[in-house]
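Okay, structure first, notes after.
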Amino acid sequence: MQMKMERCLLVTIELESEADKWPNEDVSRELEELTKTAGGRIIQSIFLRRNKPSPNLFIGKGKAEEIMQLSEAEYIDTIIFSHDLSGTQQRDLEAIINRKTIDRTQLILDIFAKHAQSPEGNLQVELAQLEYLLPRLTGKGILLSRLGGGIGTRGPGEQKLEIDRRRIRQRITRLKQELKGVSVHRALLRKKRKEKELPSIVLIGYTNTGKSTLFNALTGISQAVIRNSLFTTLDSLCRHFELRNIGSVTISDTVGFLHHLPHHLIEAFKATLEEINEADLLLHILDINHPRLKEYYQTVLEVLKDLGYEHKSLITVLNKIDLVEDKVLQEWIKKDFPDSVSISAKTGENKEELTKRMEDFFKFKLVETNICLPLNRMDLVDLLYREGRVKKIDYQEKSINIDVVLTKPLLNNLLKNREVTITD
């Protein structure tokens, strides 16, 4: 049975004290996108301006009473604030408004819970939710679902939300240990890939810029889920694909970034984001049509800096050019990103230009040589076909001569085997 969509009132607040301010319209637009992704029905959006938040309500009591009256008149189910609320502010607001009141972080966590598919994804979401909940507990705890469930209450569930601080801390410790195990497992997988010396590429970018579409287009596998919504991808995907003149490479898709993404959310998803650190090359995907293109670009760079990955090699990809009607405008936008590649992941337009750029990047790691193998080492022949580019193979009476293009690290790894020799 389909659940009734919650009727939502969005409250966008502009604080004079904020140094890094986005225009109210942009903050509200993003809040609307998040609400729709969570499954809410937006009835009305209101804008408020304050010098600084008040400790008990964030906004003034008079404004809270106005929101209460508006909520009653419009049959609102949920109030969603653009800024994070403390536990005290949330409780005091709900006491006046008599409606479920959540903040932007709760909304993001709800979307995470909705989209998490793998055991790892669920672990990361639960950790982030409990770390958000812990400082908001008083006494035996609060029931976030006390006003009827729905948006902002998905995830751990009522029973886990009712436990006390001590048990929540224990659960957080256990989750961190489990995620540490996930990190170890991922490190082992990356080590195996490194032993094969496969070049690695990771897709990064603001949420909903088309990373999953490009991932599917490059790999030829419709594995990544594609929706026109935020945070579709939470679980990192890794696949192989072939680059002409290079051979096999790995490519990974990661969780999308967001402006003012709370730090503990980044911490919770570090196991997934570690793929970025191991990458040889990052593809930074941007939506060329978005009015806040430059700000989104800077947001991603700031997150990379926070993670300590700001020095990674990067190609900027301006996606969704199929939606640009004014091609002159497209060229003007591209001037702000002089080393970028403009593509349409959806239609495949300029895909060849992007693959050429990736090939050029990896060429410095390639060497062309002739390798001599014994006849009983067909496993190494398979490896060269799989991970390199075999140009010529000659089966002789006691050996196999192969003209091959491969990465220098892979060649060095092969030469550790005494049965492998270079003949040229």
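Rule-based calculations on the coordinates, nothing more; no lab input. Here the structure is a predicted model, which means the values were calculated and not measured. Positions of Cβ are backbone-derived with ideal geometry, glycine not excepted, and every protein chain shown enters the neighbour counts.
Pull out the extension gain between E325 and N51, defined as 0.36 nm times the separation in residues minus the alpha carbon to alpha carbon distance; nm, one decimal. Intermediate results must be reported in sequence, preceding the final value.
Working: separation 274, 0.36 × 274 = 98.64 nm, distance 4.13 nm.
Taking 0.36 nm per residue and subtracting the Cα distance, the gain is 94.5 nm.
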Self-check item: Backbone N within segment 299-325 under 12 Å of label point (7 Å from F364 Cα along the Cβ vector)
Solution: 313-314
Quiz item: D for segment 7-109, whole µm²/s, Stokes-Einstein with Kirkwood Rh over alpha-carbon pairs at 10 °C and 1.306 mPa s: what number?
Solution: 117
Quiz item: Each residue of segment 66-77 in order: what ³J(HN,Hα) in whole Hz does its phi give by Karplus 6.51 cos²θ - 1.76 cosθ + 1.60, θ = phi - 60°, with x for Gly and Pro?
Solution: 4, 5, 4, 5, 5, 5, 5, 5, 9, 6, 6, 9
Self-check item: Cα-based Rg / Dmax (Å) for segment 366-422
Solution: 10.1, 29
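A 25 angstrom limit on the alpha carbon distance is what I want to check against. Which of K312/K334; K180/K363; K114/K180; K356/K392 exceed it?
Distance filter (> 25 Å) returns K180/K363.
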Quiz item: Going by average Cβ neighbours within 10 Å, how do the peptides 205-211, 109-115 rank, with the highest at the top?
Solution: 205-211, 109-115
Exercise. Please name which of S28, G62, T101 has its Cα lying farthest along the dipole of segment 1-137 towards the positive end, using unit charges on Cβ (Lys, Arg +1; Asp, Glu -1) and the Cα centre as origin.
Key: G62
